[in-house]
Each structure stands twice: as structure tokens, then as C-alpha cells.
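Working notes, structure below.
The values are calculated or read from the model by the stated rules, or taken from the named source; none is laboratory data. These figures come from a predicted structure and were not determined experimentally. We place every Cβ from the backbone using ideal geometry, glycine too, and count neighbours over all the protein chains shown. What goes into the accessible areas is simple: the full protein's heavy atoms, side chains included, and nothing from ligands, DNA or RNA. Shrake-Rupley method; radii C 1.70, N 1.55, O 1.52, S 1.80 Å.
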Amino acid sequence: MKNVLFTYITPFHPERGGIGRVTHSLTLELQRRGYTVFYLIYDCPLTVRHEYDYPAKLEYFPSKDLMSQENITFYHNFLKNNNIDVVINQSGNFEDSELYLNRGDKPVKIISVLHSTPLLAYPYLWGEVYPLKNKSLLEKLKRIARIILFPKIKHQFLQDRKNQFRKLLPQTDLVCTLSECFYPELDLLCSGYNSKYIAIPNPNSYPDSVVVKTQKKKDLLYVGMLVPNKRIDRIIRIWNRIGKRYPDWRLVIIGDGNPAYVASLKSLAAGSNVFFGGFQDPLPYYRDASIFCMTSNYEGWGMVLTEAMQWGVVPVAFQSYASITDIIEDNRNGVLVSPFNMKEYEAKLCNLMNNTEKLQTLSVNAMTDIRKFSVQKIVDLWEKVF
């Protein structure tokens, strides 16, 4: 197989989200090995068109109506005219997969990738339903309604997940998770297709030859989208409690999101030593920071963890999703915390900040261990699948 097509809802910009960065890295390595790579994007309300010199030919489906005959005809012609051998559907968890799976009579193999947990927020749905989104009376009334309706909300959420995989698994040739740890979730949602399961981790974002500073700043770091399910408020609340004990440390938050939500985070952090850097290249902050803080409800992989570890930044994270133990070995190259035990997180974070020798040991181990996810090793796995 030499002609590879990546499909998704947003172009694969390497600095605008994990899927973009992963696909960009895979593309460059596949091209180096002689593959021809194409990008095909379904333009929907969530699509963001970034100006960028993409390394692969980029095209868009012609219609915003997902399953229109125009889109289907265009897709079949695209597969035929470009002699596509394999489609890598980067949207395996979501409904737009229906379009990419419609290969017609074309002899094309389809691999559907799950870049998050198959269950998404289901195990911790209460944490998304219960919190107030703002302090208005209307929002307080809405929360009461959400609490009353929670059993129905949770049942419907699980049913929607099952419906997604009942459509996906019969039609895709393989479904690729980021870790074998996610296989039980697939079995729960739609059993009988375990012969189609494969697991390939995301590749590291940076080459193995990074040069790490020996003298780090006393910075705690968060990098990523500022969106509710990342629960950045948790680390801000922890820092509000402990920050005054560590006047020579600061919390650095790099990323952007909905302006109203970002404003609420800044309001929460008022009076504490917190720096909001907005959207920018996180590399200088990885170079400087000592500790990386993740407080998400769930992830698929958490590329910011592996990025941080490449630069010797020690991660502290809730053990709230299956694949995190593929990345972090507790007290060897990072620190894991019971979900969502804030007191435990606080205590383990303080222990690291107080223990320079332990912090240095974990930093060295992080840089060494993370090399197993080099892009060369990950593309070796993809070639075996091809």
C-alpha cells in the first residue's frame, strides 16, 4: 500500500490540536518512506480552516450535508482517481465516520482511529453535569434540572456510544485504539468484533535529539485547549490553596478557548501567581518548566504528557483513563493520582516541589522512557498493519 488518505473535520495543522500534530508527524515520516499522502476534510460547523502550508494535498468535501449524494459521489471519485489504498479515518469516535466508511465498490481498506476513549465522558459524566457553568440564577436552576434528569442523561449517553460503534465496527476493516487498555470498552459498547482491534500509540511530537536544560524554572505548566472537560479549574483551585507556601513557584497556563470560559478561569486565578500565555508555541515553556499538571476528566492519549516528558517536565495526572499507564509509570517517570482526589493531588504535587532530588530522578527517567514512542517506531507499527 502506497497511497494513504487521512480524513477528518479539520485540517491537520501541527499546532492546532493533538490530531493535527499526530497526523502531521505521521505524514512526514510516511512520505520519507515513499508513501503518497492525501488529506480530505468534511467542512462542518466545527471545522476551522487554518492558513498553513500542509505537506500533503488538501481537499474538502463539496457539501456541508454530510451524507449528500454530492459528497458520496465526490468521495468515490476521489478514491478512484487518486488510487487510494488505505483510508485512515481520524474521526472514528464520531458520526462523520459514516461518510468516510462509504467506500462504495472501491477496493480500499479503512482503518478507523479512536483518538479518545470509546466511552468518552461516560465514566465521569457526573463531573460534567453537576458543576455550575456560571453563577447566574438561571444556571443554578438548570443544574437542578440536570441533577433530576441525570439517570436519563447517563442512559442516553451510553446508548449514543453504543449506536456509534454498532454503525462503525461492521463497516470498518480495523479500529485502532491508542492502547490495548481500551479494548474492554469496545467490547462493552459492541461485542463480537475483537478481531478488528489494533492498538497503535500516538508518536512523540519532537525528535529524540532534544537538548534539555539542566536548570529548570520553578514553573508548574499546563498546555492545551482551555475547555471544560480539561478541568483546568482543578489545578487553579489547588494552586490557590498552596501557592502562598511556594512564593518562588508559579503556575503557567498555555492555550486558548472560549473567551467567556477563559475569563472565568482568570477570575478564579485572581490573586494567585498564575500566568496565562494564550495560544502560542509551547516549546519554550516545556524547556523551562519543572512539573506538568494534567487534571482532565478523560483523554485518549494526552500528547501534552509525552511532549512534556520529552523535555524533562515531570507529569502529575489523575489516573482517569486507561492509556495513561502506558505513558506514566507512577513514581518512576511521573506521578499518578486517584481520580479525582484533590487532596491527594495537592499532597503529591507538594512532595515533588519539596524534593529536588526526586524531581530530578523522575525527569531523567521521563526523557529516557518516552523514546519508545518515537515517530519512527510508531510508523513501523503502521507499516506492519498496512
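How about the stretch 160-263: which strands (runs of 3 or more DSSP E) wholly inside it have at least 2 residues that are surrounded by 19 or more Cβ atoms within 10 Å (Cβ to Cβ)? Step through it out loud before you land on a result.
Values: elements: 174-177, 197-199, 219-223, 250-254.
By residue number, 174-177, 219-223, 250-254.
Within the stretch 74-86, track down each residue that is farther than 18 Å from residue 44 by Cβ and either surrounded by 15 or more Cβ atoms within 10 Å (Cβ to Cβ) or among the acidic types (Asp, Glu) (or both).
At the first step, the residues of the stretch 74-86 found to be farther than 18 Å from residue 44 by Cβ are 76-77, 79-86.
Across the stretch 74-86, the qualifying residues are 76, 79, 82, 84, 85, 86.
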Inset, instruction - Please name all residue pairs, on different chains or six or more residues apart, with Cβ atoms under 7 Å, provided the first residue is in the stretch 56-83 and is farther than 14 Å from residue 102 by Cβ and the second residue is in a helix (DSSP H, G or I) and open to solvent by 30 Å² or more (accessible area, probe 1.4 Å). - result: 62/70; 62/74
Legend entry - For residue 324: the one exception among (1) open to solvent by less than 10 Å² (accessible area, probe 1.4 Å); (2) in contact with a helix residue (DSSP H, G or I) (Cβ under 7 Å, 6 or more places away or on another chain): (2)
Inset, instruction - Please give the number of the condition residue 110 fails out of (1) assigned to a strand (DSSP E or B); (2) closer than 15 Å to residue 61 by Cβ. - result: (2)
Inset, instruction - Say whether the condition of being open to solvent by 40 Å² or more (accessible area, probe 1.4 Å), more than 25 Å from the chain's Cα centre (by Cα) and over 25 Å from residue 198 (Cα atoms) is met by at least one residue in the stretch 55-62. - result: yes
Inset, instruction - Scan 288, 369, 281, 330 and give me the residue that is open to solvent by less than 30 Å² (accessible area, probe 1.4 Å) and of a type in the set (Asp, Glu). - result: 288
Legend entry - Verdict on residue 71 being open to solvent by 20 Å² or more (accessible area, probe 1.4 Å), modelled with pLDDT of 95 or more, out of contact with any Cys (no Cβ under 8 Å at 6 or more places or on another chain) and farther than 30 Å from residue 324 by Cα: no
Inset, instruction - Filter the stretch 302-332 down to residues that are modelled with pLDDT under 95 and in contact with a Cys (Cβ under 6 Å, 6 or more places away or on another chain) and give me whichever is nearest to residue 221 (Cα to Cα). - result: 323
Inset, instruction - Could you tell me whether any residue of the stretch 333-342 is at pLDDT below 95, in contact with a strand residue (DSSP E or B) (Cβ under 7 Å, 6 or more places away or on another chain) and closer than 23 Å to residue 246 by Cβ? - result: yes
Inset, instruction - Counting only residues that are more than 18 Å from the chain's Cα centre (by Cα) and not hydroxyl-bearing (Ser, Thr, Tyr), give me the helices (runs of 4 or more DSSP H) lying completely in the stretch 281-386 with at least 3 of them. - result: 283-288, 342-354, 356-369, 375-385
Legend entry - Index of the failed condition, residue 211 passing every other in (1) closer than 30 Å to residue 382 by Cβ; (2) in contact with a strand residue (DSSP E or B) (Cβ under 6 Å, 6 or more places away or on another chain): (2)
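Here's a check for you: in the stretch 29-42, which residue that is surrounded by fewer than 15 Cβ atoms within 10 Å (Cβ to Cβ) and touching a residue at least 12 places away in the same chain (Cβ under 8 Å) is nearest to residue 95 (Cα to Cα)?
Looking only at the stretch 29-42, we keep the residues that are surrounded by fewer than 15 Cβ atoms within 10 Å (Cβ to Cβ), and these are 31-34.
When the remaining residues are screened for being touching a residue at least 12 places away in the same chain (Cβ under 8 Å), the result is 31, 33-34.
Working: 31: 29, 33: 32, 34: 32 Å.
In this case the residue turns out to be 31.
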Inset, instruction - Might you let me know whether the stretch 128-146 holds any residue that is open to solvent by less than 70 Å² (accessible area, probe 1.4 Å), out of contact with any His (no Cβ under 6 Å at 6 or more places or on another chain), in contact (Cβ under 8 Å) with a residue 60 or more places away in the chain and of a type in the set (S, T, N, Q)? - result: no
Inset, instruction - Within the stretch 349-359, identify whether any single residue is more than 20 Å from residue 307 (Cβ to Cβ), hydrophobic (A, V, I, L, M, F, W, C) and open to solvent by less than 60 Å² (accessible area, probe 1.4 Å), and answer yes or no. - result: yes
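Do the conditions hold for residue 117, that is, is it assigned to a loop (DSSP other than H, G, I, E, B), open to solvent by less than 20 Å² (accessible area, probe 1.4 Å) and either within 30 Å of residue 234 (Cα to Cα) or not β-branched (Val, Ile, Thr) (or both)?
On the way: assigned to a loop (DSSP other than H, G, I, E, B): yes; open to solvent by less than 20 Å² (accessible area, probe 1.4 Å): yes; either within 30 Å of residue 234 (Cα to Cα) or not β-branched (Val, Ile, Thr) (or both): yes.
Yes, satisfied.
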